[in-house]
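One structure is given here, and the rest of the page talks about it.
Each value in this text was obtained by applying a stated rule to the coordinates, not by laboratory testing. Bear in mind that the values here come from a model prediction, so they are computed numbers and not experimental data. Heads up, the Cβs are rebuilt from the backbone with ideal geometry, glycines too, and the neighbour counts pull from every protein chain shown.
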Amino acid sequence: MNASTTQNPLFYQTSSHIPLVSRAEGIYIWDEDGKRYMDGSSGAIICNIGHGDPAVLDAITQQAQSTFFTYRTQFENGPAVELAQQLVHHAASSLSRVFYVSGGSEAVESAIKLCRTYHLSRGDGGRYLFISRFPSYHGSTLGALALTSYAPLEIHYRPMIKSAPKIPAPYCYRCHYGQSYPTCSLSCAHALETMIKQLGPENVAGFVAEPIGGASTGALPPPDDYFAVIRKICDKYSILLILDEVMTGFGRTGKLFAYQHWDLQADIVALSKGMASGYFPLGAVMCRGDIVDSVLATGGFPHGHTYAGNPMACAVGRAVLKRIVDDGLADRAAAMGERLLQGLRRLAVKYPIIGEVRGKGLLTALEFVSDRDTRTPFADHLQVGNLVTARAFANGLIVYPRRSINGLSGDHILVAPPLIIKETEVDELLDRLGRSLDEAST
Ligand code: PMP
């Protein structure tokens, strides 16, 4: 059977035609017609070390020759233990325990269930509410979706899930309160305390946030003092701080974990994507040791997934982490990210449809507006982010689009190439993007 000629029964979000991939190497992907694309979005911001890495291929071969799969409650396996040890070492914080899953949504689900179980283990079973932010994205399973604030994805399922209470994300370009930083005194962070009081602190289990907003917001770094305020409020009310580092982890933003930008201590961190860099499904929750001890001492954690901690995925994760650490890819992301941001700012001078350029490391975004002075988004039906993405694709560059959030923002695209990108390739990316913006602007 030939995948390109027989009828394709696969379906995803839309019915649009997409090309069949032929191969991928480094930061490039080729389709079946031999056309080459620069992977300017690392897939869905996942392929941090690029495609076809020989050390990872080697790790896969070696592990496959030893053990493909054993079940986590029957056998421990070396790669799982060693990867966990490495993660704890590099977390350099009180996050001393690791629980494996197979993806980002599973990591977020596990984090909130672990948090709830912890409060139960302390006889504080009234705490069941989680506060998150708008806009945000935390995954597609029902629990993670309840934390998410992105209407196109969650609206159909609202009868089945109770949307979590939400506070505004630190989205300074479109401040919810109409204020400016720093005169705002971080109203959006202090909103957490107001919300906790409203809900009753005795009912609140945790606060969940992406350290740097990703898919829903378009690379949104908070002001540097934001998380210090959040941490203080969580401590004051004995609420756990859960960071969703699914997109920001593993060097993406210029540090191995984004919380390291602010010396922030989280209680639980959700990981995936860059953890296995697309070579295998893998995710994890890292957690404070005393939280895990309390849970395990009082009946355990009644939660888990079949593929969790399997030797193949963990062998890949171990090889990926080694590559990121040994080759200093987080520092590289910081340096290349700076070059990319400077180039994007030059494009913004030329193309008035760019309202804001933002990001940290190699997690960057452009937000599009119809009027730069008033920051007015384009009409929804114009789908400018999709248009720019389509033009870029035609020009051999992959970027990652997101449509306007409930009409509250402009469309945006994420530009987030693999961390191995070279200076000349950053320049080539900017070149292709410039051409695409040119075409989309006319
Ligand atoms: N959290 C964040 C911050 C994400 O960006 C994503 C995926 N885009 C998820 C959770 C969900 O991950 P997955 O798609 O692997 O379930």
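Peptides 370-376, 77-83 ordered by packing proxy, namely the average of other Cβ atoms within 10 Å per residue, highest first: 77-83, 370-376.
By the rule of a C-alpha distance below 20 Å, with chain neighbours fewer than 8 residues away ignored, the aspartates and glutamates paired with K197 are D124, D235.
In this rough spin-label picture, where each label sits 7 Å from Cα along the Cβ direction, the T442-A228 distance is 5.1 nm. If the cut-off is 16 Å between C-alpha atoms, which aspartates and glutamates fall inside it for K322, apart from same-chain ones fewer than 8 positions away? The qualifying aspartates and glutamates are D53, D58, E82, D331.
The mean sequence separation of alpha-carbon pairs under 8 Å and at least six residues apart, normalised by the residue count of the range 297-442, gives a relative contact order of 22 percent. The overall shape of the chain is oblate: from the C-alpha gyration tensor, with semi-axes ordered a ≥ b ≥ c, the ratio a/c is 1.5 or greater and a/b is no larger than b/c.
Please give, to one decimal in nm, the separation of the simple spin-label points placed at T70 and L142, each 7 Å out from Cα toward the Cβ. Label-label distance for T70 and L142, simple model: 3.5 nm. In terms of distances greater than 23 angstrom between alpha carbons, the cross-link table entries K35/K360; K236/K273; K166/K232 yield K35/K360; K236/K273.
Express the relative contact order of the chain as a whole percentage, based on alpha carbon pairs under 8 Å and six or more residues apart in sequence.
21 percent
Between amide H atoms placed 1.01 Å from N, distances below 5 Å from S41 occur with I398, A416, all of them 5 or more places distant or on a separate chain. Sparse packing (at most 16 other Cβ atoms within 10 Å of the Cβ) combined with a DSSP loop state is found for the following trypsin sites (Lys or Arg not before Pro) in the range 385-429: K422. Along the axis of the charge dipole computed for the chain (Cβ charges of +1 for Lys and Arg, -1 for Asp and Glu, origin at the Cα centre), the listed residues L20, A266, V81 are led at the positive end by A266.
Working from Cα pairs under 8 Å separated by at least six residues, relative contact order for the range 210-310 is 20 percent. In a reduced charge model with +1 at each Lys and Arg Cβ and -1 at each Asp and Glu Cβ, the range 224-265 shows a dipole moment near 40 debye about its Cα centre. Close amide H pairs (under 5 Å, H built 1.01 Å from N) link Y137 with S149, G214, S216, residues at least 5 positions away or on another chain.
Projecting the Cα atoms of C184, M195, T117 onto the charge dipole of the chain (Cβ charges, centred on the Cα centre) puts M195 farthest toward the positive pole.
Using the Cα centre of the range 56-326 as the reference point, and only Cβ charges (+1 on K/R, -1 on D/E), how large is the resulting charge dipole? Debye, rounded to the nearest 20. Don't jump to the answer; show the numbers that get you there.
Numbers: 22 positive and 20 negative charges, 81 e Å.
Rounded to the nearest 20 debye, it is 380 debye.
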